[in-house]
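Asker: Dropping a structure here in structure tokens format, bear with me for questions.
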Amino acid sequence: MKIIFAKDYEELSKKAAEEMLAVIRSTPDAVLGLATGTTPLGLYARLIEDHKANGTNYDRIRTVNLDEYKGLPASHEQSYAYFMRHNLFEGLGIAPEQTNIENGMAKDEAEECARYDALLDAMPRDIQLLGLGSNGHIAFNEPKTPFGSGTHVVSLAESTIKDNARLFASQDEVPRKAFTMGIRHIMQAKRILILASGANKAEAVFKMAKGPVTEDVPASVLQLHPDCTLIVDEAAAARLA
Ligand code: GLP
């Protein structure tokens, strides 16, 4: 795993934008694997700024998202579909037809997971962007998820429900389940870019990058990927020094 150190969140977002833009500019029909969460927000804002300032073209770009809460329609303000439209796609002029995400309202879970697995196999990602859960999760692959997993429905860990409650009116409103891309498909991406910011990620960063590769720390699997870059700010890198 290649590690890039950034001073703070600003610098992390700038470096992440450089990495993403290198792919977008060299591969105009790239498939981008995208993530939600607060960590990529600075990167997304920079991509929008760049699009407005330099006209970087997204007409042939296609996107695939990692995960979606079960039971939230795409119109719900806390759904990841809404998050992506609001924080990235509208700003880049990316049409809904260019994007893919699990359907949180799908009645038949198995059918929805099979649909997404087939889509992922047919659309290899040129780059997969990831955030990191404070318990070492990637997407919603919580500790002990088998490395070979495909798309599945997870019961969120208590710590994840707590972490994500800040984005809801109350902790009770956080959905308890979610669809997530599995670790097998995350690892299929040609390149992986994982971002971690803030002191609450320091322990997970250390275990991911320097600890044993174990299903107890889902992100540790990234040590096995041939082209994975981690960008960390000083606070998140505290235990690496
Ligand atoms: C959520 C998402 C993950 C994300 C993680 C970290 O649980 N499913 O994809 O990486 O939270 O979020 P944040 O960037 O807000 O710390």
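The values are calculated or read from the model by the stated rules, or taken from the named source; none is laboratory data. What you see is a predicted model; the values in this text were computed from it and never measured. Cβ atoms come from the backbone with ideal geometry, glycine included; neighbour counts cover every protein chain shown. SASA here: full protein model, heavy atoms, side chains in, ligands and nucleic acids out. Shrake-Rupley method; radii C 1.70, N 1.55, O 1.52, S 1.80 Å.
Asker: Using 7 Å Cα-to-Cβ label points, what is the Ala241/Ala95 separation (nm, one decimal)?
Answerer: 5.0 nm
Asker: While we're on this one: Given the convex hull of the Cα atoms of region 26-126, what is a quarter of its surface area in nm²?
Answerer: 6.5 nm²
Asker: Under 12 Å from the Cβ of Leu167, count the other residues' Cβ atoms, weight Lys and Arg +1, Asp and Glu -1, and hand me the total.
Answerer: Here the charged neighbours net out to -1.
Asker: A further question follows. By the gyration tensor of its Cα atoms, with a ≥ b ≥ c the square roots of the eigenvalues, what is the shape of region 156-241: rounded for a/c under 1.5, prolate for a/b over b/c, or oblate?
Answerer: Taking the square roots of the gyration eigenvalues as a ≥ b ≥ c, region 156-241 is oblate.
Asker: Take peptides 87-93, 22-28, 66-72 and line them up by average Cβ neighbours within 10 Å, highest first, as a rough protection proxy.
Answerer: The peptides rank, most packed first, as 66-72, 87-93, 22-28.
Asker: While we're on this one: Three principal axis extents, largest first, for the C-alpha atoms of region 61-208, in Å?
Answerer: 37, 34, 33 Å, listed from the longest principal axis down.
Asker: For Ala209, what charge total do you get from the other residues with a beta carbon under 11 Å from its beta carbon, if Lys and Arg give +1 and Asp and Glu give -1?
Answerer: +4
Asker: Moving on to the next point. Within the accessible area of the chain, what % is carbon and sulfur when the probe is 1.4 Å and the other protein chains stay in place?
Answerer: Answer for the chain is 52 percent, counting heavy atoms of protein chains only.
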